[in-house]
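Since the structure comes first, as structure tokens, the remarks are kept for the end.
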Amino acid sequence: MTVHSVTGITPNMAMLGRDVLTPVTLIAQPPNEPVKITVTYVTSYRNAMREAHNRIRESMHSVARTQKT
């Protein structure tokens, strides 16, 4: 749950696409309601994962440039 100094985000955000407050929130499943809500969940999850990975990529490039100099 601690922000990594190089990536700038938490490991949970990198792996799960969201921050978790307690271990119980790792068990949460997508809603079992109509398809529209499930599609919304999947879309938001995919966007969160893309954003997290983009932030990691940008941070890694920044740190690599700093170390190179």
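Collect the residues in the stretch 5-18 that are assigned to a loop (DSSP other than H, G, I, E, B) and closer than 15 Å to residue 54 by Cα, keeping them in residue-number order.
Hits for the stretch 5-18 are 6, 7, 8, 9, 10, 17, 18.
Assess whether residue 33 counts as being modelled with pLDDT of 80 or more and among the acidic types (Asp, Glu).
No, not satisfied.
Quick check on the stretch 44-69: of everything there that is in a helix (DSSP H, G or I) and among the β-branched types (Val, Ile, Thr), which residue is surrounded by the most Cβ atoms within 10 Å (Cβ to Cβ)? Reasoning before the result, please.
Start the filter on the stretch 44-69 by keeping residues that are in a helix (DSSP H, G or I), which leaves 44-68.
Next cut, among the β-branched types (Val, Ile, Thr) only: 56, 63, 66.
Numbers: 56: 17, 63: 14, 66: 8.
Selected residue: 56.
The values are calculated or read from the model by the stated rules, or taken from the named source; none is laboratory data. As the structure is a computational prediction, the values presented were derived from the model and not from experiment. As a convention, Cβ positions derive from the backbone with ideal geometry for all residues, glycine included, and neighbour counts pool all protein chains shown.
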